[in-house]
Amino acid sequence: MTPRLLEKYQQNVLPQLRTELGRKNPMSIPKLEKIVVSMGLGKAVAEGLTKARETKRFTEAESALATVTGQKPVICKARKSVSNFKLRAGYDVGLKVTLRGLRMYEFFDRLVALAVPRVRDFRGLNPGSFDGRGNYALGLTEYGVFPEINPDKVTYQQGMNITICTTARNDAEARRLLALLGMPFKS
């Protein structure tokens, strides 16, 4: 089954971008490449220094990230030791998931249509959060805005970072692509 957003891209966005950008080659038209969802779990490291993976905060975040994305997260380890943060190289400090293909379009659709509008005091996403190469990054202060998460079972509020990577050559093309896909930018 093809995701709704992928059909929208193929039927509406692709022809519109082709005319706006004046390109004949369909491979040169911007598209979504991948979405990386990550969580930093520094507080879990502080709770259980050597076995952060076994703390309740870490396991809850891992199951929530798997529920939201539909994929098992990868555990990120610290590269360096930092004594001020009581951190040693090799400690579990975060989780990440890289979404591609159909799962990526499903996640992006849920993010834009359901999760982002549920953020408290939402007035639109910052249109200046591009990196200069056509990638967009945003942060959510809590993962409870996704409808898959039961708010009664959330004991620790945890934020997440979402990076949307596109094949666009510059920020203007990427901004136009995401706007056509339904990303609610501030005016």
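How much net charge surrounds VAL97 when only other residues with a Cβ under 11 Å from its Cβ are counted (Lys, Arg +1; Asp, Glu -1)? Let's see the in-between values first.
Working: positive: LYS34, LYS72, LYS96, ARG100, ARG103; negative: GLU62.
Once positives and negatives cancel, what remains is +4.
What's the exposure ranking of ARG23, ARG175, going from fewest to most Cβ atoms within 10 Å?
Details: ARG23 13, ARG175 21.
Ranked by crowding around the Cβ, least crowded first: ARG23, ARG175.
Among MET160, MET104, MET27, determine the one that fluctuates most according to a GNM of the chain built with springs between C-alpha atoms less than 10 Å apart.
Largest GNM mean-square fluctuation: MET27.
Along the charge dipole of the stretch 30-180, Cβ charges K/R +1 and D/E -1, which of PRO147, PRO117, THR163 sits furthest on the positive end?
Farthest towards the positive pole: THR163.
Of THR155, THR166, THR67, which has the largest mean-square fluctuation in a 10 Å C-alpha GNM of the chain?
Comparing THR155, THR166, THR67 in the GNM, the peak value goes to THR155.
Where the only charges are on Cβ atoms (+1 Lys, Arg; -1 Asp, Glu), what is the dipole of the chain about its Cα centre, to the nearest 20 debye?
Working: 31 positive and 17 negative charges, 99 e Å.
Dipole of the chain, to the nearest 20 debye: 480 debye.
Can you tally the net charge around MET1? Count Lys and Arg as +1, Asp and Glu as -1, for every other residue whose Cβ sits under 12 Å from the Cβ of MET1.
Numbers: positive: ARG4; negative: GLU7, GLU106.
Taking every Cβ under 12 Å from that of MET1, the sum is -1.
Based only on other Cβ atoms within 10 Å, what is the fewest-to-most ordering of LEU41, LEU125? Write out the running numbers ahead of the final one.
Working: LEU41 24, LEU125 17.
Ascending number of Cβ neighbours within 10 Å: LEU125, LEU41.
So for the stretch 30-180, taking the charge dipole from beta-carbon charges (+1 Lys/Arg, -1 Asp/Glu), which of CYS76, ALA137, VAL37 sits furthest toward the positive end?
About the Cα centre, the residue reaching furthest to the positive side is CYS76.
Which value in deg cm²/dmol, rounded to the nearest 500, describes the helix-derived mean residue ellipticity at 222 nm for the chain, given -39,500 (n - 2.57) per DSSP H run of n ≥ 4 and division by the residue count? Mind dumping the intermediate values first?
Numbers: 6 runs with 53 residues, N = 187.
Calculated at 222 nm, the ellipticity per residue is -8000 deg cm²/dmol.
The numbers here are math on the coordinates, done by the rules we state, and not lab data. These numbers come from a predicted model, not from an experiment. Reconstructed Cβ throughout: ideal geometry from the backbone, glycine too, with neighbour counts over all protein chains shown.
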